[in-house]
1. How much of the pair distance distribution for the range 1-62 lies past 14 Å, counting alpha-carbon pairs only, in percent?
2. Given a cut-off of under 8 Å on Cα pairs at least six residues apart, what relative contact order in percent is computed for the range 193-252?
3. Just Val144, Val59, Val170 to compare: in a GNM of the chain, with alpha carbon springs under 10 Å, which one fluctuates most?
4. Convert each backbone phi in the range 102-115 into a coupling constant with the Karplus relation 6.51 cos²θ - 1.76 cosθ + 1.60 (shift: θ = phi - 60°), then list the ³J(HN,Hα) values in order as whole Hz, x for Gly and Pro.
5. Please state the relative contact order of the chain as a whole percent: Cα pairs under 8 Å, 6+ residues apart?
6. Which three lengths, in whole Å and largest first, does the chain cover when its Cα atoms are put on their principal axes?
7. Which of Gly212, Gly138, Gly95 moves the most in a Gaussian network model of the chain with Cα springs under 10 Å?
8. Under the Karplus relation 6.51 cos²θ - 1.76 cosθ + 1.60, θ = phi - 60°, what is the ordered set of whole-Hz ³J(HN,Hα) values for the range 214-219, x standing for Gly and Pro?
Amino acid sequence: MRKKIVAGNWKMNMNLQEGVALATELKAALAADAPACDVVICTPFIHLATVAGITEGTVIGLGAENCADKAKGAYTGEVSAEMVKSTGAQYVILGHSERRSYYGETAEILKEKVNLALANGLKVIFCIGEVKEEREAGKQNEVVAAQLAGSLYELTAEQFANIILAYEPVWAIGTGLTATSDQAEDMHAFIRGEIAKQFGAEAAENVSILYGGSCKPSNAKEIFSKPDVDGGLIGGAALKVADFKGIIDAWK
Ligand code: 13P
C-alpha cells in the first residue's frame with residue numbers, strides 16, 4: 001500500500017545546462033522503460049523552474065533540497081516554500097545531515113521549515129540519521145527518535161501523511177560505506193514503531209521510509225528487499241542516468 005520511491009538528491013552539483021541535460025536524459029530513459037516505483041529528483045533551487053518544464057507530465061516528481069524557515073520578507077538569499085511550490089516542484093528535502101551539521105539547522109528550525117512546506121502543499125522528504133560516534137556508542141535509536149520528535153511530533157496525522165522519511169546514517173553518506181541491509185531494516189522497523197506510537201498504526205503502515213547512504217545499483221536490490229525499506233534517497237549515484245536507473249530498476 002505504501003509507496004516505493006527512489007529519489008535523487010543532486011546536492012550542489014551541476015550547472016543549469018548540465019542539470020537540464022541530466023533531467024532530459026532521465027526522462028527519455030524512463031519513457032522507454034517505465035519504472036516500477038515513484039521517481040523524484042531534488043535539484044538546486046535555480047534548476048527547479050526549468051527542470052519542471054522537462055518533468056511535467058512525466059513519471060518524474062521534482063523537489064528542492066531545502067527551503068527557508070520563514071514565510072517571506074527581508075531574508076536575503078533565502079528561498080521560501082511558497083517559491084519552491086510556484087516552480088512546479090512537489091517535494092522538498094528537509095533535515096539533511098549536511099544542512100544540520102554545516103548550516104546549524106536545529107530540530108526547532110526544521111520544525112518551522114516542515115510546517116511551511118506542508119502549508120504550501122509540498123511533500124517533505126525528512127532526513128534523520130546518526131553519526132559514526134553515536135552508532136559506535138549504540139545510541140542510534142535514541143538519536144533518530146529525538147530527531148523525529150523534535151521536528152515532526154506536533155503535526156497531526158493528516159499532516160504527517162505528506163511526510164516521507166529518509167534514514168541516512170551520516171557515516172554512510174558519500175563514504176562508500178553502506179549500512180548492511182540488516183542495519184537498515186533494524187532502524188527502519190524501529191522508526192516505523194516510533195511513528196506507530198505517535199501517529200497510530202495506519203500512519204506507520206503508510207509512511208514510506210527511504211534508505212540513503214552510498215546506495216548504488218550493486219547494493220540497491222539487497223537493501224530494498226527488506227520489508228521496512230521503501231526505497232532510497234540517492235546522492236552521488238543520482239548524477240548519472242545509468243546509475244540512477246540501475247537503482248530504480250532494483251524495484252523490478
Ligand atoms: P550518497 O548516495 O552520495 O552517499 O548520498 C546520500 C545522500 O546524502 C542523499 O541525500
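Just so it is clear, none of the values below were taken in a lab; they were calculated from the coordinates. Fair warning: this is a prediction, and the values are worked out from it, not measured in the lab. Don't worry about glycine lacking a Cβ; one is built from the backbone with ideal geometry, like all the others, and counts go over all protein chains shown.
1. Values: 1015 of 1891 pairs.
Result: 54 percent of Cα pairs exceed 14 Å.
2. About 32 percent, as a whole number.
3. Most flexible of the set in this elastic network: Val59.
4. 8, 10, x, 7, 8, 4, 5, 4, 5, 4, 4, 4, 4, 4
5. Numbers: 481 pairs, mean separation 54.3, N = 252.
Rounded, it is 22 percent for the chain.
6. Result for the chain: principal-axis Cα extents of 46, 44, 33 Å.
7. Maximum among the listed residues: Gly138.
8. 6, 7, 9, x, 6, 10
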